[in-house]
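A short reminder: the numbers here are calculations on the coordinates, not readings from a lab. This one's a predicted model, so the numbers in the text were calculated from it and none came from an experiment. Neighbour counts run over all protein chains shown; Cβ positions are idealised from the backbone, glycine included.
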Amino acid sequence: MSALADIERAALGAMLLSPKVAIPVASIDERLVPEDFESLTRGRIFAALLELDEKEAADSRMLRDRLGGDEEARLELDYVLGPQVQSPGNLRAYVRRIREGATTRRAMRAAREVLELAGRGVVGDDLVAAGLELFDGAAIGEGQASREEHLNDILERVVDRADSASRDQKEVGIPTGFRDLDEHTGGLRPGQVWIIGGRPAMGKSTLCMNIATNVAGAGYPTAIFPLEMSADELGERVIASTGKVNLTEMRTGRLLPNGRQRMRNTSEKLRDLPLWIDATSDVSIIELRAKVRRLVRRHALQVVVVDYAQQIRRNPKLGQTEALGEISRGLKTLAMELDVTVIVAAQLNRQLEGRGTSIDSKRPQLSDLRGSGDFEQDADVVMFPFRREYYVRQAGEEPLLEDRDTAELIVAKFRNGEPIDLPLVFLGVYSLFGTPADRQAA
């Protein structure tokens, strides 16, 4: 008999001695699930205890009745209730040992599965990606993905959140830092996917970075995956946009003394932001999910920014449309499973540029999302930054004074409301989208 068997029996005995206190400690505080038990039989006993605890007070007589004809479990219960029954005082230590044992068994099983994949001819990046997924699953646990809730609990939470928002006049979700956008959408919500689409030079990467910095600045842990930009380049943009430091001058060493001081002051202010940057290029959706899962576990991550979707490595066995559809579904699954908001930049089709000769003909539409209709379908919000000034200058003309530094944010899809166009300004010298107030202060 293993030492872990004695610990599992001691934990079950402690729960039966003081069920009202001990069962919630084990199942809620310490997140113990039946699958964590080394013995399937003891796992069934714990599952029966949980069922009893939901409906009525659990005791040994009622537990026997609940186990019914499961003779193996009823016999094991005799051992649990023997003279060695422990007090609930050590329950947390018991439960942690049980969970450690479960994690070890899952890791060993994951290692065997990786070896089996290698034996079947899976190699290179595909093998590494599969291993990351398997070992992250081992760390999280088999029973942890179950999220069923009774409707009444959901309704209470929804009503309480809406009442709080109405009373405090605050956004329900995480604020993006753009007031008009937050008022229209209610902010970022867990499980949502927001797409920021645009042709080159429209500012989709800049807008992604601005929102990420705003969110982290408000205290919400955030991660950025700039798939075609180095971490240092992104860091320069974060300093420029936050401190209104001229980006070109910073990169070329032409900052004046006051600009250098502003750069240093901004860097100091940003130092403690809960913002993580992973500039690894050429990642698959499986690798991305594994990276995000680790950040959620280590830092309670709430917002993920990916720049951009078409740079995620595609499944070579699929055609372009099918591969991009797989990426789109993977991003939505990531948001739902890990309870985070995913903001992802996306390229638009080149055909947009040849749609007509007028500037208004260049305004993006949902159908312009490149490669797959799945992006439009899976997204909760689809937005397009649009800069009329860019097209005026492309035509060799000077924009009118009132059009300079202006931009629009076209909210083309909002699953919970109506589309809307919102005014913005674009201060390219600072890599910053903002409000008219930002323009006046610049």
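With all pairs of different C-alpha atoms in the average, the Kirkwood value for the hydrodynamic radius of region 303-442 is 16.9 Å. Think of the chain as a dipole: +1 on every Lys or Arg Cβ, -1 on every Asp or Glu Cβ, centred on the Cα centre; then among Gly69, Thr41, Gly121, Gly121 lies furthest on the positive end. Suppose we look only past 14 Å in the calculated P(r) of region 262-321. What percent of the Cα-Cα pairs does that tail hold? For region 262-321, the fraction of Cα-Cα distances above 14 Å is 66 percent. Region 90-107 to region 225-272: how many Å between their Cα centroids? Here the answer is 46 Å between Cα centres. Residues in region 298-308 carry Karplus couplings, in order, of 7, 10, 6, 4, 10, 9, 10, 10, 10, 10, 9 Hz; the curve used is 6.51 cos²θ - 1.76 cosθ + 1.60 with θ = phi - 60°, and Gly or Pro positions show x.
With a simple spin-label model that places each label point 7 Å from the Cα along the Cα-to-Cβ direction, the separation between Val392 and Thr104 comes to 7.0 nm. How far is helix 151-168 tilted, in degrees, relative to the longest principal axis of the Cα atoms in the chain, given as a value from 0 to 90 rounded to the nearest 10? Tilt relative to the chain: about 40 degrees. Annotated for the chain: lysine pairs at least 8 residues apart or interchain, Cα distance under 20 Å, count 9. Between Phe426, Phe46, Phe386, the residue with the greatest mean-square fluctuation in the GNM of the chain (Cα pairs under 10 Å linked by springs) is Phe46.
A simple spin-label model places the labels of Asp160 and Ala231 3.9 nm from each other, with each point 7 Å out along Cα-to-Cβ. Shown here: region 170-255, whose C-alpha atoms stretch 43, 25, 22 Å along the first, second and third principal axes, sorted largest to smallest. The tail of the calculated P(r) for the chain, taken as Cα-Cα distances beyond 42 Å, holds 31 percent of the pairs. Just checking the listed ones, Ser205, Ser27, Ser267: in the Gaussian network model of the chain with Cα springs under 10 Å, the one fluctuating most is Ser27.
The fraction of all Cα pairs in region 360-423 landing in successive 5 Å bins from 0 to the largest distance is 4, 16, 22, 21, 15, 11, 7, 4, 0, given as whole percents. Each label was represented as a point 7 Å from its Cα along the Cα-to-Cβ direction; for Arg92 and Lys269 these points are 4.0 nm apart. For a modelled paramagnetic label at Val429, 7 Å from Cα along Cα-to-Cβ, the residues of region 230-249 in reach, with backbone nitrogen under 11 Å, are 245-249.
With a 10 Å cut-off between alpha carbons and a GNM built on the chain, which of Pro24, Pro226, Pro175 moves the most? Most flexible of the set in this elastic network: Pro24. Multiplying each eigenvalue of the alpha-carbon gyration tensor of region 193-347 by 5 and taking the square root yields semi-axes of 30, 18, 12 Å, largest first, rounded to whole angstroms.
For region 174-196 versus region 343-393, the inter-centroid distance based on Cα atoms is 19 Å. Using the rule -39500 (n - 2.57) for each DSSP H run of four or more residues, divided by the residues of the chain, the 222 nm mean residue ellipticity is -16000 deg cm²/dmol. With a Cα-only, solvent-free Debye model of region 287-385, what are the log10 I(q)/I(0) values at q = 0.14, 0.18, 0.19 Å⁻¹? Debye intensities relative to I(0), on a log10 scale: -0.58, -0.87, -0.94. Relative to its Kirkwood radius, the Cα radius of gyration of region 244-287 gives an Rg/Rh of 1.18.
Close amide H contacts of Val283 (hydrogens built in the peptide plane, cut-off under 5 Å, sequence separation of 5 or more or a different chain): Arg313. Each principal axis of the Cα cloud of region 209-282 was taken in turn, and the coordinate range along them, longest first, works out to 35, 29, 16 Å.
Over region 1-136, the ratio between the Cα radius of gyration and 2.2 N^0.38 Å evaluates to 1.25.
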